[in-house]
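Report on one structure; see the data block that follows.
Any read-out appearing in this document is the output of simple, stated calculations on the displayed coordinates, not a laboratory observation. Everything numeric here is computed off the predicted structure, so don't read it as measured data. Positions of Cβ are backbone-derived with ideal geometry, glycine not excepted, and every protein chain shown enters the neighbour counts.
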Amino acid sequence: MSAHVENPPTVEATPGARRRWPATLTVGTVLLAVTVLLAVVSLFWLPFPLDDTSGSRLEAPGAQHWLGTDTFGRDTFSYVMVGTRIALTVGVGGATIAMLVGVTLGTLAAFARGWVDDISSSMLDVVIAFPTLLLAMLIAATRGASLSTAVLSIGLAASAVVARLTRILAKRLLRQQFVTAARTSGTNAWGIVTRHLLPNMWPTLVVTAALTFGTAVLAEASLSYLGLGVPPPNSSLGRLLQGAQATVLTAPWAAIAPGVVIVAIVLGGNFLADGLRELLDPTRRERG
Amino acid sequence: MGSYLLRRSAFLVLSFVGAMLLIFLLLRVLPGDPANALTSIDASAEQIQAAREQVGSDLPLHQQLTSWIGDLLRLDLGNSFISGASVADDVAQRLVVTLPLTLISFVIAVVLAGLLGYYAAVASHRKSGMLVSGVAQVGVAVPVFWIGILLVWVLALELRLFPSGGFPRRQWADPADALRSLFLPTLTIVIVMTASLTRYVRSAVLDVLDSDYLRNAQALGSGFGRAFWRHGMRNAAVPVISILGVELASTLLGAVVVESVFTLPGLGSMLTLGIEQHDYPSIQGVLLVTTFLVLLIGFAADIVQRFVDPRLRFSLSGAHA
C-alpha cells in the first residue's frame, strides 16, 4: 500500500559493464504501452459518447458493446478507456509531485546538521507514519473530491517516503571523498547538488519514481472506490468497480475489466522499476 | 538497551504530538468551516453564528487547540456533530471489529508468507519457486477492494458459502457467527498482504543463502536444515521484522478499505461516513486512533528488532539511524 524505504534500492554504477536488456523491462513497457494507447485514443475517439444511453440495460459483451453496458445502458468499454486515462494521469502527476517535493526536501535535509537535522528527519518519520491513503483521504475530504485534489494529495502524501530515501542517499554521498574534494576546491552547495549528488542519485530515483507511479494508481483506485477520488462524469476505474459491485451477479464483466486494467498499469510500473534497477545496476542482476 | 528505550519512547511521544498538530491543522486551516455540517445551505447569519459557537470554531485557533488538547488528555474525543454520541465510545465500539480483522489477517499472512517466501528462495531456480514469486509479484499490483468484490461474487453470491457482508448486531456474543462474517474480509486482506510479505521474506532468505557463514557451517558438517535453523533464521528475520511494522500498519489501512466492501461497522466505515457528513469530531477521532496505533506498531517493531539483532543493541545511532 505504501512504498518501503527500509532497504533503499541503492545503485552503484559500474563503468564499462556489459548491459543486457532485462525481460522485466520489456514486459513493463508493453503493459504500459497498451494502457497508454487506450488512454490516448480515448482523447480523440470513444466507441460511444459517455452520456449515450442508447444500449439496453446490463447488456452482455457483444459486437457493439465490447464490454457490455451498465444499468443505464451506457457502454462499459468507453468508461474503461476514460478511466484508464484518469488512472495514468493521477499516476504520472502524483509521482511527479512526489519526486519534485521529495527530492528537494530530502536534499535540503541532507545538508542540515545538528538539531535541525534531528527535527527535520523526525518530522519526515511522523509524516511517513501517516499512511499515504489516510493523508490523501483527509486532504480529499477537506478540499472536496476533484482530479487536481487527487493528484495533489496522493503526490504530497507519497513525497515523504521519497524525501526520506533521498536524504539517506544524499547523506551517504556527502561523506564521500570526491564531495569533500569538490567542497575544498570551492564548489558551492548548488554545484555539489547538480554536479555530484543528482548524477549519482538518479538511477535509484528513477526506480523509485516508477514504484511511486504504481502506488499512486492504487491509491487513486482506493480513493475513488470510497467515493473520495475523481468525481463523475470522469468516471475513474475505482468508481466503476464500486458501481459494478451491486450488479456483479448479472454483469460480472463490468466488475472484472476495470480491475484488470488497474493491475496491468500497476504491474507495468513495477516491472519497469525492476527492469530499470537491473539495467542500471549490474550487481543486482541475479534477483528477479 | 535502557537508554535506547527511553530515547525511542520520547520519540514516540514527540511524533504523536506532531501527528496531533498535523491533524488539527489540516482539519481547520483548510477551507470549510466545521460548523457547515450543522447548518443547511440557506441558513441565516444568526444560525451560522450559533452553530460556530456550538462547535467552537468562532474561537481563535490557539484557544481551540488548548481546549482540544485538554479534552484529549481526559480521553474525551468530543461528540459527533450528527448523532451527538461520544466519539470515544463510537471508536471503541468499532475497534471491536477492526482490530480482530487486522490482527487475524496479519498473523495468517505472516505465517503463510514465511513458508511461501522461504520456499520461493530455496526453489528460486525451479519452476515452482518462480511461480510463487510471480504470483506474489502480481498480488502486490492488485487493489485490495477488487479482490473483495471478486470473492463476494464467487464465494458469497454464486456459491453461497459465506455472508456477503455485515456483522452480527450482538457483535461477539456468538463468536462463531462473528468469525463467519469476518471470513471473507480476512481472506481478502490475507491474499494481498501475503503477496507483499512473501517478496520480503524471499529476498531476505536469498541474502542468507548467499552468505559465507551458511556455506562455512555446511562445510564444517552441518546439514542444510540445521545450518539454516541455527545461523540463517535470525539473520533472515532482521530485515523482515523491520518491515513488519510498516506491513501491519498497511494491514490496518487495508482493513479500513475492505470494511467498505463488506459493509462492516468498523473504523473504516466510521471514517468514510464522517467524511460524507462533514462530521469533524468523528474524522478526527478515527485519524487520531489510527495514527496512534500506527506509531505504536512502529515503536514495537523497533524494540523487537533490537532484541533480535545484538549488533543494533550496541550501536550508538538514535531512533532514526
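Scanning chain A for GluC sites (Glu not before Pro) in DSSP loops with at most 14 other Cβ atoms within 10 Å, what's the longest stretch left with none? That would be A:13-285. Since only B:Met193, A:Ser78, A:Ala110 are under comparison, the one whose Cα sits farthest along the positive direction of the charge dipole of the protein assembly as shown, derived from C-beta charges on Lys, Arg, Asp and Glu, is A:Ala110.
Taking the helices alone, chain A has a mean residue ellipticity at 222 nm of -22500 deg cm²/dmol, built from -39,500 (n - 2.57) per DSSP H run of at least 4 residues and averaged over all its residues.
Magnitude of the charge dipole for segment B:87-313, about its Cα centre and with charges confined to Cβ atoms of Lys, Arg (+1) and Asp, Glu (-1), is about 920 debye. Charge tally for A:Arg74 (other residues, Cβ to Cβ under 14 Å; Lys, Arg +1; Asp, Glu -1): -3.
Over chain B, what relative contact order in percent results from Cα pairs under 8 Å that are six or more residues apart? Walk me through the numbers on the way to the answer.
On the way: 342 pairs, mean separation 85.5, N = 321.
About 27 percent, as a whole number.
The simple spin-label model puts a point 7 Å past each Cα toward its Cβ; for A:Leu198 and B:Ser9 those points are separated by 4.6 nm. Using C-alpha pairs under 8 Å with a sequence gap of at least 6, the mean separation divided by the residue count of chain A gives a relative contact order of 30 percent. Each Cα pair of the protein assembly as shown feeds into the Kirkwood radius, which the Stokes-Einstein equation turns, at 4 °C and 1.567 mPa s, into a diffusion coefficient of 50 µm²/s. Using just its DSSP H runs of length 4 or more, each adding -39500 (n - 2.57), chain B gives a mean residue ellipticity at 222 nm of -24000 deg cm²/dmol after division by all residues.
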